[in-house]
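These notes concern the structure reproduced below.
The values are calculated or read from the model by the stated rules, or taken from the named source; none is laboratory data. Because the structure is predicted, anything quoted here is derived from the model rather than measured. FYI the Cβ positions are ideal-geometry reconstructions off the backbone, even for glycines, and counts take in every protein chain you see.
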Amino acid sequence: MSDYRQVQIGFIGGGNMAQAIIRGLLTAGHAANSIAVAEPAEPQQQAIARLSDAIGLTADNASVAAASELLVLAVKPQVMADVCEALGSVDRKQQQTMVSVAAGITLESLAGWLGTATSIVRVMPNQPAMVAEGMSGLCASQSVSDTGREHATYLMEATGKTVWLDDETLMDAVTAISGSGPAYFYLVMEILQEVAEEFGFDSDTAHLLSTQTGLGASRVAGEESESLAALRQRVSSPGGTTEAALASLEDAGIRDMFRKALIAARNRSVELGKAQGND
Ligand SMILES: NC(=O)c1ccc[n+]([C@@H]2O[C@H](COP(=O)([O-])OP(=O)(O)OC[C@H]3O[C@@H](n4cnc5c(N)ncnc54)[C@H](OP(=O)(O)O)[C@@H]3O)[C@@H](O)[C@H]2O)c1
């Protein structure tokens, strides 16, 4: 991939997700004076300024939209229609690529609200973007050029890993797996912590035992070439403690429970998409 560290990147909305992406970009060496943010709220503006005082800050969406080669729409889904309709009349750079990180808003809705021919990439990021360990699913409208795709990849890789989808309907599945996914792992770690406390550990030690185990397992799973099942079997000696725990979980139907949960998340993503005016 080319060096995009001077590309002019604008953000509409400077909240949690925008800040996570900007932090990642700065760490990756992106020029701070090539980043501009349109954000109405004073506390968020201050948070952006703390990342670098060279970042351009304004409350004027139009000026950021007009100057950016890569324009990131990072507002809540509920305000996206109004924001896009206003941007539709702004004279933007011809080669501009827009990237929306809004959950559930389709490429078709975005294009309809913008009302002009626009190259749009839709992204479903997740919360670990805030520590540059995010997982983002991306899909593009037909008109996005190879450079536009590379820009979007560059943007989101500043926050972790990326996967491109040819079929936009898979965004609901990405939402169920990686978008909502961190919460499933937090729940498991929460249970480990609770039980560790019941076993007699103080809360801090129980938290450490749980979270460091989650981190360690994630790193092994990400770095080793063996399958997840093989890694699991490697720590499950016959007749041992792990095997006893896993047998108890299998008896309780953990696989079916998770499968149902993930289907519920994917279905909810479809429903929310419809409610947000995608139909
Ligand atoms: N955070 C995540 O982990 C995560 C994960 C996946 C997807 N996303 C997506 O990322 C997007 C942003 O989420 P977030 O968590 O970063 O939300 P957020 O912290 O609320 O950030 C949105 C920011 O946009 C500002 N804003 C509101 N109206 C605006 C307007 N008309 N023009 C410019 N800025 C405006 C808001 O200001 P006010 O506070 O004054 O309203 C707020 O600071 C959402 O669409 C969400 O679906 C987030």
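Looking only at residues of region 1-32 that are polar (S, T, N, Q) and part of a loop (DSSP other than H, G, I, E, B), we find that the one that is surrounded by the fewest Cβ atoms within 10 Å (Cβ to Cβ) is S2. Looking across region 72-109 at every residue that is farther than 16 Å from S141 by Cα and of a type in the set (V, I, T), the one that is farthest from the ligand (Cβ to nearest atom) is identified as V90.
Of all residues in region 138-151, none satisfies being within 12 Å of the ligand (Cβ to nearest atom) and in a helix (DSSP H, G or I).
This table checks each residue for (1) farther than 16 Å from G10 by Cα; (2) modelled with pLDDT of 95 or more; (3) not assigned by TED's automatic domain parsing to the domain that holds Q78.
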position: M98; (1), (2), (3): no, yes, no
position: V101; (1), (2), (3): no, yes, no
position: A117; (1), (2), (3): yes, no, no
position: I120; (1), (2), (3): no, yes, no
position: N126; (1), (2), (3): yes, yes, no
position: E133; (1), (2), (3): yes, yes, no
position: S141; (1), (2), (3): yes, no, no
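Looking at region 1-36, which of its residues are within 16 Å of the ligand (Cβ to nearest atom) and at positive phi?
G13, the sole residue that qualifies.
Candidates are the residues of region 223-279 that are assigned to a helix (DSSP H, G or I) and of a type in the set (S, T, N, Q); the one that is nearest to the chain's Cα centre (by Cα) is S269.
Determine which member of the set I191, I177 is under 27 Å from L110 (Cα atoms), within 26 Å of the chain's Cα centre (by Cα) and not hydroxyl-bearing (S, T, Y). Working first, answer last.
Numbers: I191 fails: under 27 Å from L110 (Cα atoms).
Result of the check over I191, I177: I177.
Residue-wise test of (1) at pLDDT 95 or above; (2) assigned to a helix (DSSP H, G or I).
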{"position": "D53", "(1), (2)": "yes, no"}
{"position": "V64", "(1), (2)": "yes, yes"}
{"position": "V72", "(1), (2)": "yes, no"}
{"position": "V75", "(1), (2)": "yes, no"}
{"position": "V123", "(1), (2)": "yes, no"}
{"position": "M130", "(1), (2)": "no, yes"}
{"position": "S136", "(1), (2)": "yes, no"}
{"position": "T153", "(1), (2)": "yes, yes"}
